1. For the list (1) in contact with a Cys (Cβ under 9 Å, 6 or more places away or on another chain); (2) without any contact (Cβ under 8 Å) to a residue 40 or more places away in the chain; (3) crowded, with 16+ Cβ neighbours inside 10 Å, I need the number of the one condition that GLY73 fails.
2. Taking into account only those residues within the stretch 76-94 that are more than 16 Å from THR32 (Cβ to Cβ) and among the charged types (D, E, K, R), which is surrounded by the most Cβ atoms within 10 Å (Cβ to Cβ)?
3. Return the total of residues in the stretch 41-70 being within 15 Å of the chain's Cα centre (by Cα), acidic (Asp, Glu) and surrounded by fewer than 16 Cβ atoms within 10 Å (Cβ to Cβ).
Amino acid sequence: SCVASAHAPNTQLAAMAAMLESYVDKVVHVVTNDGRNIVGLLKGFDQTTNVILDECHERVFSTDAGVEQVVLGLYIVRGDNIAVVGEVDEEADEALELTAIMAEPLKPVVH
């Protein structure tokens, strides 16, 4: 996984673009700066690391109920709101019992 910054030097943006290119047409997990967890099929991205996800859903964590999955469908996440992008191991992900996982939601990133 890689941390993105809207003000990263060109070398970091080039590294981010190369990493994202390797994830196109694969399932990825995006953690946003406001603490959201979004999983979907990476369809594309642009020079400012805006990403396009298809067949995606948000995983909403809670301490008193299992993970709720909210269907989002086709979705764009702004590059300046992305904290982390990582490839999902689909086999391991499918084996998770999300309804049994209870956790505090992530807090927003503070700069």
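1. If we test GLY73 against (1) in contact with a Cys (Cβ under 9 Å, 6 or more places away or on another chain); (2) without any contact (Cβ under 8 Å) to a residue 40 or more places away in the chain; (3) crowded, with 16+ Cβ neighbours inside 10 Å, just (3) comes out false.
2. Checking each candidate, the answer is GLU87.
3. Number satisfying all stated conditions: 2.
Read-outs: derived from the displayed coordinates by stated rules, not from any lab. Since the structure is predicted, the reported quantities are computational estimates derived from the model, not experimental observations. In this analysis, Cβ positions are derived from the backbone assuming ideal geometry, glycine residues included, and neighbour counts consider all displayed protein chains.
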